[in-house]
Number of protein chains: 6
Amino acid sequence: MTEVRMERMSWVEYRRRIDAAEPVVFLPCGSLEQHGPHLPLGVDALLSTAVACEAARRTGGIVAPALSYGYKSQPRCGGGQHFPGTTSLDGDHLSQLARDVIREFARHGVRKLALIDGHYENQWFLIEGIDLALRDLGHDCGLRVLRTEYWDFCTEDVLREVSPDGFPGFALEHAAVIETSLMLHFHPELVRPDLIPDDDAANFPPYDLYPPETERVPASGVLSSARGATAAKGEHLAEVVCSGLADAVRVAFDPP
Amino acid sequence: MTEVRMERMSWVEYRRRIDAAEPVVFLPCGSLEQHGPHLPLGVDALLSTAVACEAARRTGGIVAPALSYGYKSQPRCGGGQHFPGTTSLDGDHLSQLARDVIREFARHGVRKLALIDGHYENQWFLIEGIDLALRDLGHDCGLRVLRTEYWDFCTEDVLREVSPDGFPGFALEHAAVIETSLMLHFHPELVRPDLIPDDDAANFPPYDLYPPETERVPASGVLSSARGATAAKGEHLAEVVCSGLADAVRVAFDPP
Amino acid sequence: MTEVRMERMSWVEYRRRIDAAEPVVFLPCGSLEQHGPHLPLGVDALLSTAVACEAARRTGGIVAPALSYGYKSQPRCGGGQHFPGTTSLDGDHLSQLARDVIREFARHGVRKLALIDGHYENQWFLIEGIDLALRDLGHDCGLRVLRTEYWDFCTEDVLREVSPDGFPGFALEHAAVIETSLMLHFHPELVRPDLIPDDDAANFPPYDLYPPETERVPASGVLSSARGATAAKGEHLAEVVCSGLADAVRVAFDPP
Amino acid sequence: MTEVRMERMSWVEYRRRIDAAEPVVFLPCGSLEQHGPHLPLGVDALLSTAVACEAARRTGGIVAPALSYGYKSQPRCGGGQHFPGTTSLDGDHLSQLARDVIREFARHGVRKLALIDGHYENQWFLIEGIDLALRDLGHDCGLRVLRTEYWDFCTEDVLREVSPDGFPGFALEHAAVIETSLMLHFHPELVRPDLIPDDDAANFPPYDLYPPETERVPASGVLSSARGATAAKGEHLAEVVCSGLADAVRVAFDPP
Amino acid sequence: MTEVRMERMSWVEYRRRIDAAEPVVFLPCGSLEQHGPHLPLGVDALLSTAVACEAARRTGGIVAPALSYGYKSQPRCGGGQHFPGTTSLDGDHLSQLARDVIREFARHGVRKLALIDGHYENQWFLIEGIDLALRDLGHDCGLRVLRTEYWDFCTEDVLREVSPDGFPGFALEHAAVIETSLMLHFHPELVRPDLIPDDDAANFPPYDLYPPETERVPASGVLSSARGATAAKGEHLAEVVCSGLADAVRVAFDPP
Amino acid sequence: MTEVRMERMSWVEYRRRIDAAEPVVFLPCGSLEQHGPHLPLGVDALLSTAVACEAARRTGGIVAPALSYGYKSQPRCGGGQHFPGTTSLDGDHLSQLARDVIREFARHGVRKLALIDGHYENQWFLIEGIDLALRDLGHDCGLRVLRTEYWDFCTEDVLREVSPDGFPGFALEHAAVIETSLMLHFHPELVRPDLIPDDDAANFPPYDLYPPETERVPASGVLSSARGATAAKGEHLAEVVCSGLADAVRVAFDPP
């Protein structure tokens, strides 16, 4: 199988591929953040990397090393910053990290870059990093950048399947049935199904309060139930997301 | 009627109120951004200020001058940066602006601060500004900060009423029925109902592309229909939102 | 009367005016700062906006929303940062705010921009913001920027008239006869003449000391007497300043 | 074997270990940088992680995810920024990344942190990141930070063994005999011995010139010969470095 | 004569003096800026250093190395940035430089610091640097900072003497009679009286225009006449300024 | 003798030289840092300036004012930040200072710039400053920048002569035989040979620890012996370094 991970290629091989085929370079964007007692801290980087690798295999792409640290965890979508293990960056620092890396890919001759975000809180700081990089590079630099949260490729069908009792929304989908199923599919050795908690779904008012009301967050850090997670659901989700992403980069970068 | 706007009070009056009653200070956060041919560029600051003033009247609060400029407009929720008139800030600069102002309110002795966001794109940079300010001030500074997008106080009932054909989601609710109705209620002289466009709702894929695909955005800048907007709906929306917000600050800052 | 305020125009109207006539865009730069017991905290934004609007009416210009928060108040020209209500920004943050906004106006096609400063302490951070924006835009961007403190259009004649006992200089003219007269002219409902204090003029040595010697500043925050302020003087001052400014933008941007 | 990698632990497990035993947390600091035609772009993160994991196993430590991107490659120690694949950060952004992460570890209760640098160019920006974090945390925060380039644990004996014709210094040891031998030991599947180039060692004057004189850098990117590299040398080097590092953290953090 | 210059003392001697007598540390703040054909580029650092040294001799103080580069030259007070030789810093960078240095003096145990500014354009960025440093250090750090433009110690008498035809104000006093006289007193070997130009005084409108109208600035860079400069005037000015400054630090730091 | 110091030239003279001969501009980069009881705090700026002046005399160059403050002193090469008198900058601030100044020299028409570093800790922040300035200026700006630590021009012969018992490496060469000899040559009046301490050389492990282990640093601040320093050695060192530097700028900027 062809190697897709950039950090495992030599620069000579990387240059050869860039020059030969104008491949899509995928940049997974993760975090180091609590994901309940049953999932590891690295879920967001692990899953965004897994999805990116699969999409790269299907499209002849290359996967750069993930951004392993992300923006600060928020109670309503990641549990919050009071959990040990959650290790986060200031927003501007994440934007600058993305900006620098994007500018470098442009220097390499990359024309098609896809940021695959696996951490809800990263989104706007990645948007800003992309905007700053494109401003630096100039409007006619030839680089185009796609950005997505990978779960946005879930169809309504697959959401209904994985959450037969109703889908709580992606914000509350933290360490819950989607992430747990995907981990059971991609990294089963890192999941402890026996430790999935029984907490009810978290319930937040239509505002945030700072310093956060940590008592609103389940003690486990799981925002809605992971009880129904299975490897089979994970396989289905993975297929839907990866094929959707592969199609998207084809359509976005090589419109018919 | 008691004056609620801080910029219209003397410092002596402001100090008197802060000392007497520990009032909530509301900080409206807006933008200068295209809102279609029928609404003015200042909608987000005008509406967040109007909502904040009404909530302040009901709770004995004070309203600080709005942040009149906001984060960069995105195609999928504000039309994008290619519109003339849209005048936006870099993300970090917005965060620093919020940080500075919050730190100042703490110096004044304010203990209850509510950021009322009227521009979808501001949210995460305000979160960061709040976090940086609280880090500066220290955990035991006594200041608590509530942050909300005012439309999150819309109940499902009122959404069903204003959008009888189905609510498209707040991201697409740009220059559409909610904002237009609220403007017809609060600032009818600034609305041109005759210019409401007939465009279909915008339709976005599950990813963003940069530089943006501006052809996806309706030429008018209106992301879903404003056709059904009325002053009566605006009055109802205003009542729901303002009473919700007034209740929220009572509950959040003075829990029973 | 033609609308001059940008936040009250639609983007379509704004674009039409920019394209039609290369109008001057005025950006008022204010503060939220104590102005004694008789004037409101928002004086600097209110007066710079009022002056800008009048000059815009006379020259076919457009007035952008004011920068409502300004640089830190200094004892010798604004009373200092120890007053409740004074709400100030770090210098670099003000510069970046100006930089971003100026860059956006250039994107809109604006070629003539006038920053009308109403807060003495803003001056050098606005200069820096202009310089940074022009560096970003490149020397041949076509944008020219005029910057002024509006009171610099006061002639010696009018100063002699408003301060028959001798003009104390603009630094000490804080919440004093000029600002109070102008407020009596433009916003009489916000002035409390009955609360004008009787303090003597402040007296400062030829150096500043930090942390500031707050005992040098009159407890009222008024740096020299506002006793002689009248609406008639305000009207005269307004006429001199606004006509001077209108002439200046004509001469500066359209030299014969 | 006990898991040492933080991203593969749950937050509950991580907290348990931090609370139980005050373990050393190792933070590998790498880069994405050309390492000749025979080694992959990720060498610096791969080796610093491998060394950190081994030292963690011997000392009951935990290894955080590597910083995968590092400071700009310099001709005299990494070949320079003109190679495709080399993907680098601005200096301040690397410092801020380290600063944020260090501050977070302190929040978790970590008292012993070891930055294991595998990229020569990172050194001073990591030093600055540590200094800024400790300034933020205050002098009495209880966190101590060790920083090292892992190769500094090479003894003169082992250097003589791996470079029998004389050791060229660590700056020129880029993609050369030490890194190649260590990769043959830790990640043999990523080494292409058949592609080791025959270039002579690079030769630099006692100054640097910018823009760089790229003709001074061997076209392969290898700064001194990797010809003598073997897995056996790699095993010996690994043992010397890992035992040296394990001893160092014991002595530094738990002095007798 | 006792050495007053810090860079010429050993750290042991410096510590001895700080510990023994709580001396004032003077920090001269200069620029590298055109000063006409008859004065050298370093005038502002040379004069602020000379004044600081004399005041230090009279008060037992210490003079730190000057900040040799200052904020951007403005047409109306320094000729502008279009002159070769003028070498200026961004505003925030000057503020940060001052902030860092002030924080360091506080660490040394300095309690009395005097910034002696010799470059008109520096003022507000120094104010910001002082404010940021004191914020970092905390309100109760014990450090007090005096800041002055040294020429503000000129009395009306001495101004009348040096400018018998009327004093044009300090902004126009660039490379003119005061600076030239002081240079003839302190550094006669660096003055070329034969090259003093005959230009009329510059004349500026009540606003600035950017990019600057360089045609308003005399080609020589001299903003008002230096014709009347003499070493005797320089001696008198120096005495007035240095004794004023010496008195000021006594009064400010050791009030009776 | 022709004046080489820029701050002592008028802008007219500076422009004449730049236009006439494309001279090398030398920028000395120093620090204010403890150098033992026998050397003054300003050694690094004094020596880098002295070397630059001599090289400028030999090559028709110009010497700009030194950067008088440098990056934070490290225990293993400068003694550390715990010494009174050591007055250091944050890394990014030093980089920005260099960036600004370099950009200005380019504006003046300078094509050949040489940064002569006299403070070991400055190196990487100067590299970053150069890179940022060249990025700002664009690849085809025509400016080339040489950067060196001046001691790197010492030949093995001269090192053997000055350190007959073996050269300890430049990191430990702090306030030791090379710097002391050079000061005896260039500034004998600032050396106190009677105070040269008898401390043994410092001995550091292959890692750094933060907060620093100050007990590893000799109390004097001298990292290896200055006992053998003489003016004659200084003269020889100066000749080797200055002729090496003069040759280097000829070769680098005017290759045959």
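Read the figures in this text as sums done on the coordinates, not as results from a lab. A quick note: this is a predicted structure, and the numbers were derived from the prediction, not measured. Here Cβ is always computed from backbone atoms with ideal geometry, including for glycine, and neighbour counts include all displayed protein chains.
The other copies place their F:P255 label points at 4.6, 4.6, 5.1, 6.6, 7.0 nm from this one, listed shortest first, where each point is 7 Å from Cα along Cα→Cβ.
Measure up A:K112/B:K72; D:K72/F:K233; D:K72/F:K72; A:K72/D:K72; C:K112/D:K72 against 30 Å on the Cα-Cα distance and list the ones that go over. Don't skip to the end; give the middle numbers.
Working: A:K112/B:K72 23 Å; D:K72/F:K233 38 Å; D:K72/F:K72 21 Å; A:K72/D:K72 27 Å; C:K112/D:K72 41 Å.
Beyond 30 Å between Cα atoms: D:K72/F:K233; C:K112/D:K72.
Along the axis of the charge dipole computed for chain E (Cβ charges of +1 for Lys and Arg, -1 for Asp and Glu, origin at the Cα centre), the listed residues E:V191, E:P40, E:L97 are led at the positive end by E:L97.
Helix-only mean residue ellipticity at 222 nm, chain C, DSSP H runs n ≥ 4 weighted -39,500 (n - 2.57), per residue, nearest 500. What is it? Present the calculation step by step, with values, prior to reporting the outcome.
On the way: 8 runs with 105 residues, N = 256.
Calculated from helices alone, the mean residue ellipticity at 222 nm is -13000 deg cm²/dmol.
Among the residues of A:210-221, the average count of other protein chain beta-carbon atoms within 10 Å of the residue beta-carbon is 3. Counting charges near F:C141 (Lys, Arg +1; Asp, Glu -1) among other residues having Cβ under 11 Å from its Cβ returns a value of +3.
Projected onto their three principal axes, the Cα atoms of chain C cover extents of 52, 39, 32 Å, largest first.
Taking Cβ atoms as reference points and 14 Å as the exclusive limit, the residues near F:I196 contribute a net charge of -2, counting Lys and Arg as +1 and Asp and Glu as -1.
I'd like the antiparallel share, as a percent to the nearest 5, of DSSP beta bridges with both residues in the range E:6-250. Please report the intermediate quantities before stating the final value.
On the way: 1 of 18 bridges.
Beta bridges within the range E:6-250, antiparallel portion: roughly 5 percent.
Rounded to the nearest 10 degrees, the inclination of helix A:231-253 to the longest alpha-carbon principal axis of chain A is 30 degrees.
A simple charge model with +1 on the Cβ of Lys and Arg, -1 on the Cβ of Asp and Glu and nothing else charged puts the dipole of chain E at about 920 debye relative to its Cα centre. Computed from the C-beta positions of D:R135 and A:N203 and an R0 of 51 Å, the FRET efficiency is 0.80 to the nearest 0.05. Taking amide hydrogens as placed 1.01 Å from N in the peptide plane, the amide H of C:L115 sits under 5 Å from those of C:L27, C:L146, C:R147, C:T148, each at least 5 positions away in sequence or on another chain.
Looking only at Cα atoms, what is the convex hull volume of the protein assembly as shown per residue, in Å³? It would help to have the intermediate numbers written out before the result.
Values: hull volume 280.9 nm³, N = 1536.
Expressed per residue, the convex hull around the Cα atoms of the protein assembly as shown is 183 Å³.
Positive contributions from Lys and Arg (+1) and negative ones from Asp and Glu (-1), summed over other residues with Cβ under 11 Å from the Cβ of D:E121, come out at -3. Projecting the Cα atoms of B:S220, B:A176, B:Y210 onto the charge dipole of the range B:6-250 (Cβ charges, centred on the Cα centre) puts B:A176 farthest toward the positive pole. Peptide packing: for D:104-113, B:116-125, the average count of neighbouring Cβ atoms within 10 Å per residue gives the ranking B:116-125, D:104-113, highest mean first.
What trypsin sites (Lys or Arg not before Pro) does the range A:113-185 have in DSSP loop regions with at most 14 other beta carbons within 10 Å? The partial results should precede the final answer.
Numbers: sites: A:R135, A:R144, A:R147, A:R160; in loops: none.
Here no trypsin sites (Lys or Arg not before Pro) fit, given the DSSP loop and packing criteria.
The phi-based Karplus calculation (6.51 cos²θ - 1.76 cosθ + 1.60; θ = phi - 60°) puts the 3J(HN,Hα) values of the range F:45-62 at 6, 5, 6, 5, 5, 4, 5, 4, 4, 5, 5, 5, 4, 7, 10, x, x, 10 Hz, whole numbers, x for Gly and Pro. Close amide H pairs (under 5 Å, H built 1.01 Å from N) link C:T230 with C:S181, residues at least 5 positions away or on another chain. Taking every residue in C:55-64 and counting other chain Cβ atoms within 10 Å of its Cβ, the average works out to 1.
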